[in-house]
Amino acid sequence: MVGIEKTLLRKVGEAIERFRMVREGDRVAVAVSGGKDSMAMLEALLLLQKRAPINFSVCAFTVEQGKFLRPIEPIGEYLKQRGVAWSLHRDNPSIRLIDEQPDHGCDLCSRYRRRAVYQIARGLGANVIAFGHTADDFCESLLRNALFTGRLSALPPIAWSRQKDFRLIRPLVFVPETVTRAYSEARKIPVIPCGCSQKTGTVRGSIRNLFADLEVEHPHLKETLLSAMGNIEPSRLLDTRYLNLEEAPEREPELFPMLA
Ligand code: SF4
């Protein structure tokens with residue numbers, strides 16, 4: 001337990017520091033999805049709050065969109081015992097969506113959730129909203145966007161809501177799911193699965209399988225991919241916004257690098 005907690009805190013601390021995610025006086029609302037990742041993130045933020053040289057407060061909330069496979073109450077019980085201010089919000093438009101458009105995709109679902117999340121965070125007096133996307137989510141998102149949408153992008157570790165009233169942070173950017181799983185098991189944190197996690201035949205599932213196959217021989221693949229996301233070379237890509245089409249560079253780039 002001590003080892004896995006140290007790893008979790010080190011990686012969350014690194015993300016918070018590198019991307020200046022949390023600042024003096026912040027009120028951070030943690031979006032608890034019912035899964036192991038957001039619960040581990042909440043625990044990490046509570047532990048770091050005690051050690052941090054700055055003052056910030058933490059609260060938590062869950063949006064009920066009608067997709068939980070079991071009642072969510074055990075999470076409320078657990079968080080009450082931990083002394084965490086947590087609230088559950090039933091989003092009726094999302095629940096109606098399931099009836100009216102049962103085959104709706106993630107775009108619509110996440111748009112409904114975002115609207116609910118902002119409304120809830122405003123009610124909680126928060127200026128920061130923390131989401132539990134992990135290192136796995138960042139890597140999968142990079143591959144999904146590159147292979148299926150023709151964009152080289154993943155997820156923002158830090159961003160602002162359109163009205164600039166919320167800072168949106170993803171403190172688990174460097175934390176793999178192996179860590180959140182081990183941590184939540186060690187702490188016996190209750191987890192309530194979402195129906196979507198059981199879906200098969202999805203693009204996400206294919207990408208997960210691809211990573212799992214490659215990681216048998218290359219266990220640090222995701223760490224390398226995360227490093228790559230922080231070390232881009234735009235002049236070696238095809239986006240003309242980042243290419244010098246007019247002037248000769250001072251130093252000629254290596255035009256014909258060795259092909260592996
Ligand atoms: S995976 Fe399920 S819960 Fe998540 S955005 Fe898609 S439809 Fe919504």
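The values are calculated or read from the model by the stated rules, or taken from the named source; none is laboratory data. It should be emphasised that the depicted structure is a prediction, and the values quoted were computed from it without experimental measurement. Note that each Cβ is placed from the backbone with ideal geometry, even for glycine, and that neighbours are counted across all protein chains shown.
Scan the stretch 115-138 and report the pairs whose first residue is within 13 Å of SER161 (Cβ to Cβ) and in contact (Cβ under 8 Å) with a residue 40 or more places away in the chain and whose second residue is aromatic (Phe, Trp, Tyr) and in a loop (DSSP other than H, G, I, E, B), with Cβ atoms within less than 7 Å and a gap of 6+ or a chain change.
Here the result reads TYR118/PHE166; ALA121/PHE166; ASN127/PHE166; VAL128/PHE166; ILE129/PHE166, each pair linking the stretch 115-138 to a residue that is aromatic (Phe, Trp, Tyr) and in a loop (DSSP other than H, G, I, E, B).
Being within 16 Å of the ligand (Cβ to nearest atom) and of a type in the set (Asp, Glu), is that true of even one residue in the stretch 197-215?
no
Select, from PRO193, PRO171, PRO219, the only residue that is more than 16 Å from the ligand (Cβ to nearest atom) and either under 26 Å from GLU77 (Cα atoms) or surrounded by 19 or more Cβ atoms within 10 Å (Cβ to Cβ) (or both).
PRO171
For (1) modelled with pLDDT of 95 or more; (2) within 12 Å of the chain's Cα centre (by Cα); (3) not small (Gly, Ala, Ser), each residue gets a yes or a no:
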{"site": "CYS109", "(1), (2), (3)": "no, no, yes"}
{"site": "LEU124", "(1), (2), (3)": "yes, no, yes"}
{"site": "LEU143", "(1), (2), (3)": "yes, no, yes"}
{"site": "ALA146", "(1), (2), (3)": "yes, no, no"}
{"site": "LEU155", "(1), (2), (3)": "yes, yes, yes"}
{"site": "TRP160", "(1), (2), (3)": "yes, no, yes"}
{"site": "GLN163", "(1), (2), (3)": "no, no, yes"}
{"site": "ALA182", "(1), (2), (3)": "yes, no, no"}
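If I go through the stretch 15-60 residue by residue, how many of them are within 16 Å of the ligand (Cβ to nearest atom) and either over 16 Å from the mean Cα position of the chain (by Cα) or assigned to a helix (DSSP H, G or I) (or both)?
3
Can you name every residue in the stretch 203-214 that is over 19 Å from the mean Cα position of the chain (by Cα) and loosely packed, with under 13 Cβ neighbours inside 10 Å? Give the derivation first.
At the first step, the residues of the stretch 203-214 found to be over 19 Å from the mean Cα position of the chain (by Cα) are 206, 209-210, 212-214.
Passing the criteria: ASN209, ALA212, ASP213, LEU214.
Considering only residues that are touching a Ser or Thr at 6+ places or on another chain (Cβ under 9 Å) and either in a loop (DSSP other than H, G, I, E, B) or among the acidic types (Asp, Glu) (or both), which ones fall in the stretch 61-79?
Result: GLU64, GLN65, GLY66, LYS67, LEU69, ILE72.
Just need a number here: residues in the stretch 97-116 that are touching a Leu at 6+ places or on another chain (Cβ under 9 Å) and either more than 10 Å from the ligand (Cβ to nearest atom) or small (Gly, Ala, Ser) (or both).
Count: 1.
Among what's in the stretch 80-96 and is in contact (Cβ under 8 Å) with a residue 24 or more places away in the chain and in a helix (DSSP H, G or I), pick the residue that is farthest from the ligand (Cβ to nearest atom).
Filtering the stretch 80-96 for residues that are in contact (Cβ under 8 Å) with a residue 24 or more places away in the chain and in a helix (DSSP H, G or I), the one farthest from the ligand (Cβ to nearest atom) comes out as ILE95.
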